[in-house]
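All remarks here apply to the structure that follows.
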Amino acid sequence: MLKLSNIDTFYGPIQALRNVSLGVEQGEIVSLLGGNACGKSTTMKTILGLVKPRRGTIEFSGQRIEKQSPSAIVRAGISPVLEARRLFPYLTVDENLRMGAYVRSDKPEIQRDIEKIYELFPIVKSRSKQLASTLSGGEQQMVAMARALMARPRLLIMDEPSMGLSPLFVDKVFDIIQQINQSQGVSILLVEQNANMALSIASRGYVLQTGEIVLNDTAQNLLNNPLMQKAYLGVA
């Protein structure tokens, strides 16, 4: 479904990604792991067209997208759940959800999708009339996920969904990620620092270090990899 081949991305003269190649198949959850400032968010921004690669290609469902605009990429079927949620703070939860459907004009279907979202996220329904700024971090994360689904994506890219959440909400969020994948068939690229949680629900994973892919394996093999255990999983 998604294929990055030999991507080099720069910020001015500074190279942020070097020869990055990765893929996500239909129906998969794939984790992109690594520490701070390793290039995870830059990879996400490059896929979404927010940063243009200097070299390499990006294909989505067989079509080249590395030169397309972010809005065209969303219309093609890729939706982001951004780091730190990035909700519209002075809009209600319901209004935030409708903003997620801005590329759509099928109003009856949009309303039906909102009802489906409320079934998947009961807590979002109970907060539907509240301003987004009044929600807890965990509640905001769920609204951000729900908003991304309103675009009817085939691929969801999630940037650090566990960041700043209590352990209870981390578990809830990862349960919902699995549910979205299994019940709706949405493929997911999960950009995360929490390697244990991410690999517990993924089929495969990639590890970025200083802008390069240094490990690429099944989730189970990565969990058992001594280098991975020492660097990211807290195993001595």
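So, of the residues in the stretch 163-221 that are part of a loop (DSSP other than H, G, I, E, B) and touching a residue at least 60 places away in the same chain (Cβ under 8 Å), which turns out to be surrounded by the fewest Cβ atoms within 10 Å (Cβ to Cβ)? Reasoning before the result, please.
Within the stretch 163-221, the first condition is being part of a loop (DSSP other than H, G, I, E, B), and the residues that meet it are 163-166, 185-186, 193-194, 202-203, 210-211.
Okay, now just the ones that are also touching a residue at least 60 places away in the same chain (Cβ under 8 Å), so 163-164, 185, 193, 202-203, 210-211.
Numbers: Met163: 15, Gly164: 14, Gly185: 10, Gln193: 16, Ala202: 27, Ser203: 16, Thr210: 14, Gly211: 22.
If we take residues in the stretch 163-221 being part of a loop (DSSP other than H, G, I, E, B) and touching a residue at least 60 places away in the same chain (Cβ under 8 Å), then Gly185 is surrounded by the fewest Cβ atoms within 10 Å (Cβ to Cβ).
Sort through Ile110, Ile65, Ile47, Ile58 and tell me the only one that's under 16 Å from the mean Cα position of the chain (by Cα), crowded, with 16+ Cβ neighbours inside 10 Å and β-branched (Val, Ile, Thr). Walk me through it before giving the result.
Details: Ile110 fails: under 16 Å from the mean Cα position of the chain (by Cα); Ile65 fails: under 16 Å from the mean Cα position of the chain (by Cα); Ile58 fails: under 16 Å from the mean Cα position of the chain (by Cα).
After applying the criteria, what remains is Ile47.
Taking the stretch 73-92, which residues are more than 20 Å from the chain's Cα centre (by Cα) and among the hydrophobic types (A, V, I, L, M, F, W, C)?
So in the stretch 73-92, the residues more than 20 Å from the chain's Cα centre (by Cα) come out as 89-92.
Leu91, the sole residue that qualifies.
Just checking, which of Ile78, Ile7, Ile73, Ile47 is more than 26 Å from Asn194 (Cα to Cα) and either among the hydrophobic types (A, V, I, L, M, F, W, C) or touching a residue at least 24 places away in the same chain (Cβ under 8 Å) (or both)? Even if it seems obvious, please write down each step before you answer.
Working: Ile78 fails: more than 26 Å from Asn194 (Cα to Cα); Ile7 fails: more than 26 Å from Asn194 (Cα to Cα); Ile47 fails: more than 26 Å from Asn194 (Cα to Cα).
None of the other options fit; the residue is Ile73.
Quick one: which strands (runs of 3 or more DSSP E) sit completely within the stretch 1-102 and have at least 2 residues that are closer than 22 Å to Arg147 by Cβ and not basic (Lys, Arg)? Full working, then the answer.
Details: elements: 2-11, 14-24, 29-33, 55-60, 78-81.
The strands (runs of 3 or more DSSP E) meeting that bar are 29-33, 78-81.
Confirm whether Arg147 is within 13 Å of the chain's Cα centre (by Cα), over 25 Å from Ala231 (Cα atoms) and buried (at least 22 other Cβ atoms within 10 Å of the Cβ).
Details: within 13 Å of the chain's Cα centre (by Cα): yes; over 25 Å from Ala231 (Cα atoms): yes; buried (at least 22 other Cβ atoms within 10 Å of the Cβ): yes.
Yes, satisfied.
No value in this document is a laboratory result; all are computed from the given coordinates. What you are looking at is a predicted structure, and each value in this text was computed from that prediction instead of being measured. When we count neighbours, we look across all protein chains shown, and the Cβ atoms used for this are built from the backbone with ideal geometry, even at glycine.
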